[in-house]
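Student: I'd like to ask you about the structure that follows.
The values are calculated or read from the model by the stated rules, or taken from the named source; none is laboratory data. Bear in mind that the values here come from a model prediction, so they are computed numbers and not experimental data. Glycine also receives a Cβ, built like all others from the backbone with ideal geometry; neighbour counts cover every protein chain displayed. Side chains included, ligands, DNA and RNA excluded: accessible areas come from the protein's heavy atoms. Shrake-Rupley method; radii C 1.70, N 1.55, O 1.52, S 1.80 Å.
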Amino acid sequence: MVLKFDLVGVGFGPANLALAIAFSEIPQTNRPRTTAFIESRHEFSWQSELLLPNAKMTTCFWEDLVTARNPRSKYSFVNYLKEHNRLFEFMNLRDFYPTRADYTAYLKWCEGDFTSTTKYGTTVNAITLEHSRQHGPLFRLECDSLAGQLVYLTKNAVLAIGRQPKIPTELSSSFQDHVYHTANFKTRFLSAFPDNSKDHRFLIVGTGQSAGDVLQYLLMHYPRARISVILRSFAFLPFDDTPFVNEIFRPDFVDLAHHCYLNNIHSIKEASQLTNYAVIEAGQLRDIYRTIYNEALQGRNRVTLHRFSSISGISRQGAGVGVSLRSSVTEQIEEIDVDAVLCATGYDSKNLDDLLVDLGPYIDRDSAGLMRIRRDYSVGMSKVGDCKLFIQGAAERSHGPGDPALPIVPTRAAEICHAILGQNPADAAAAPIERQEA
């Protein structure tokens with residue numbers, strides 16, 4: 001079956017959901033007439049593996065899908081609370097940061113208005129260029145779905161396919177039955193250790209928010225477990241949400257990052273390291289420290305911090321694995337035996353080259369051989385007519401360290417709307433339309 005749309009989005013997480021909302025708030029005479037979104041998962045989900053009790057966001061409640069673009073939108077987190085009769089209760093919390101569960105419910109509430117334009121359980125295998133006598137060049141998206149093979153044709157394609165778990169090289173090909181990533185924490189790790197009353201031995205690699213979340217969970221739910229944590233530096237570091245640092249999420253900072261990405265992007269990334277990378281919310285750090293302190297009062301020392309350390313090797317050891325840790329201070333090697341290694345080591349952008357291999361002859365490359373992404377998030381291309389291909393969430397190198405983060409999502413959606421429609425960006429933030437009843 002061949003289907004033609006004015007706009008096709010690949011992936012339907014927060015980024016393309018924000019884009020769908022942005023287009024829905026543009027007057028019908030200006031917006032693309034037909035839109036479709038394709039999602040490989042069978043239903044909407046977002047970071048479901050870390051939906052742990054009381055786990056909180058590190059983005060505040062107004063850093064939702066719309067407020068930075070259109071504060072009057074009915075799709076704001078505040079309006080979600082109002083619609084669910086929880087606005088006053090949330091206000092009484094006096095807390096900027098919602099729980100992951102509450103934010104996920106908000107996303108699903110937004111997604112509910114776009115089920116008719118979203119095709120779940122559908123995987124894009126290839127994107128090619130097709131020349132049509134009537135329409136000129138078109139992107140051809142070849143897909144597999146539960147209903148069989150589908151082909152989508154469009155002038156505008158927006159890729160927001162998410163990120164993939166990053167496993168340290170020392171662990172990436174060894175003893176996979178004992179190496180886990182927080183991306184599969186609930187379905188794989190917890191399933192492998194269903195008996196939480198045993199004397200398990202766990203090693204956590206990583207010092208970011210997901211490391212704090214799983215460490216706190218294991219301390220609470222595995223009372224006899226002994227937990228080691230590898231720290232490359234001396235201590236866990238707190239998430240920096242101070243006003244000046246948070247300006248990395250402003251569009252003018254993205255202008256700066258894009259202007260100098262070939263020369264100075266590493267300096268820009270280093271300057272904003274504590275907003276996105278290997279940091280934990282300060283209140284959570286205090287809670288974890290308090291738990292460890294209280295257990296020490298009872299003569300229990302279940303957590304060992306291996307400071308200034310990194311993994312230098314892994315081997316089979318009985319029913320588990322032996323991990324060799326190298327100290328960057330003393331250069332000494334320490335051997336520890338564990339039942340499992342849990343990587344809270346973040347994510348990398350997915351490699352788009354396989355998906356776009358057939359478009360290779362049309363894609364502009366920079367001096368490093370990587371596809372050139374323009375300021376409006378479109379891929380530099382030639383000989384494709386008026387076709388436009390956009391990338392969401394995989395432009396950290398060219399658009400700065402805030403690109404994968406939620407706070408950038410609404411303004412990026414507005415810029416992509418502007419690029420597709422050729423409007424002034426302010427026009428893309430029209431007054432919200434009324435929510436349609438189901």
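Student: Within the stretch 24-57, can you find the residues that are closer than 19 Å to Val10 by Cβ and open to solvent by less than 20 Å² (accessible area, probe 1.4 Å)?
Tutor: Hits for the stretch 24-57 are Ser24, Pro32, Ala36, Phe37, Ile38, Glu39, Phe44.
Student: Go through the stretch 287-319 and give me each residue that's under 12 Å from Ser228 (Cβ atoms) and not hydroxyl-bearing (Ser, Thr, Tyr).
Tutor: Asn301, Arg302, Val303, Leu305, His306, Arg307, Ile311
Student: Moving on. So which residues in the stretch 98-118 are assigned to a helix (DSSP H, G or I) and either among the hydrophobic types (A, V, I, L, M, F, W, C) or in contact with a strand residue (DSSP E or B) (Cβ under 8 Å, 6 or more places away or on another chain) (or both)?
Tutor: Arg100, Ala101, Ala105, Leu107, Trp109, Cys110, Glu111, Phe114, Thr117, listed by residue number.
Student: Give the residue that is farthest from Leu406 (Cα to Cα), with candidates limited to residues of the stretch 15-57 that are out of contact with any Lys or Arg (no Cβ under 8 Å at 6 or more places or on another chain) and of a type in the set (D, E, K, R).
Tutor: If we take residues in the stretch 15-57 being out of contact with any Lys or Arg (no Cβ under 8 Å at 6 or more places or on another chain) and of a type in the set (D, E, K, R), then Arg33 is farthest from Leu406 (Cα to Cα).
Student: I've got another one for you. Any idea which of (1) without any contact (Cβ under 8 Å) to a residue 12 or more places away in the chain; (2) open to solvent by less than 40 Å² (accessible area, probe 1.4 Å) is the one Leu141 doesn't satisfy?
Tutor: All conditions pass for Leu141, except number (1).
Student: Now a separate question. Please list, ordered by first then second residue, the pairs with beta carbon atoms under 6 Å, 6 or more apart or interchain, first in the stretch 290-315 and without any contact (Cβ under 8 Å) to a residue 12 or more places away in the chain and more than 19 Å from Thr207 (Cα to Cα), second of a type in the set (Phe, Trp, Tyr) and surrounded by 13 or more Cβ atoms within 10 Å (Cβ to Cβ).
Tutor: Pairs that qualify, where the first residue is without any contact (Cβ under 8 Å) to a residue 12 or more places away in the chain and more than 19 Å from Thr207 (Cα to Cα) and the partner is of a type in the set (Phe, Trp, Tyr) and surrounded by 13 or more Cβ atoms within 10 Å (Cβ to Cβ): there are none.
Student: Moving to a separate point now. For Leu218, which of the numbered conditions (1) of a type in the set (A, V, I, L, M, F, W, C); (2) assigned to a strand (DSSP E or B); (3) without any contact (Cβ under 8 Å) to a residue 40 or more places away in the chain fails to hold?
Tutor: (2)
Student: Checking Val151 against (1) over 20 Å from Asp358 (Cα atoms); (2) among the aliphatic types (A, V, I, L, M); (3) surrounded by fewer than 16 Cβ atoms within 10 Å (Cβ to Cβ), only one condition comes out false. Which one?
Tutor: (1)
Student: Count, please, the residues in the stretch 167-189 that happen to be within 22 Å of the chain's Cα centre (by Cα) and surrounded by fewer than 17 Cβ atoms within 10 Å (Cβ to Cβ).
Tutor: Qualifying residue count, the stretch 167-189: 7.
Student: Also: Being open to solvent by 20 Å² or more (accessible area, probe 1.4 Å), closer than 23 Å to Gly212 by Cα and either among the hydrophobic types (A, V, I, L, M, F, W, C) or touching a Pro at 6+ places or on another chain (Cβ under 7 Å) (or both) is the filter here, so list the residues in the stretch 58-101 that pass it.
Tutor: Answer for the stretch 58-101, where residues must be open to solvent by 20 Å² or more (accessible area, probe 1.4 Å), closer than 23 Å to Gly212 by Cα and either among the hydrophobic types (A, V, I, L, M, F, W, C) or touching a Pro at 6+ places or on another chain (Cβ under 7 Å) (or both): Phe61, Glu63, Leu93, Phe96, Ala101.
Student: Among the residues of the stretch 148-196, which ones are without any contact (Cβ under 8 Å) to a residue 60 or more places away in the chain and assigned to a loop (DSSP other than H, G, I, E, B)?
Tutor: Matches in the stretch 148-196: Thr169, Ser172, Ser173, Gln176, Asp177, Pro194, Asp195, Asn196.
Student: Which condition breaks for Glu415 when tested against (1) buried (at least 24 other Cβ atoms within 10 Å of the Cβ); (2) modelled with pLDDT of 95 or more?
Tutor: So the condition that Glu415 fails would be (1).
Student: If you don't mind, another one. Quick check, is Leu146 farther than 30 Å from Asp386 by Cα and among the hydrophobic types (A, V, I, L, M, F, W, C)?
Tutor: Against the criterion (farther than 30 Å from Asp386 by Cα and among the hydrophobic types (A, V, I, L, M, F, W, C)), Leu146 qualifies.
Residue-wise test of (1) among the small types (Gly, Ala, Ser); (2) modelled with pLDDT of 95 or more; (3) touching an Asp or Glu at 6+ places or on another chain (Cβ under 6 Å).
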{"residue": "Ala160", "(1), (2), (3)": "yes, yes, no"}
{"residue": "Ser173", "(1), (2), (3)": "yes, no, no"}
{"residue": "Asp195", "(1), (2), (3)": "no, yes, no"}
{"residue": "His200", "(1), (2), (3)": "no, yes, yes"}
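Student: Of the residues that sit in the stretch 190-229 and are surrounded by 16 or more Cβ atoms within 10 Å (Cβ to Cβ) and polar (S, T, N, Q), which one is nearest to Glu335 (Cα to Cα)?
Tutor: The selected residue is Ser228.
Student: Take Asn79 and decide whether it is at pLDDT 95 or above and outside any loop (DSSP other than H, G, I, E, B).
Tutor: yes
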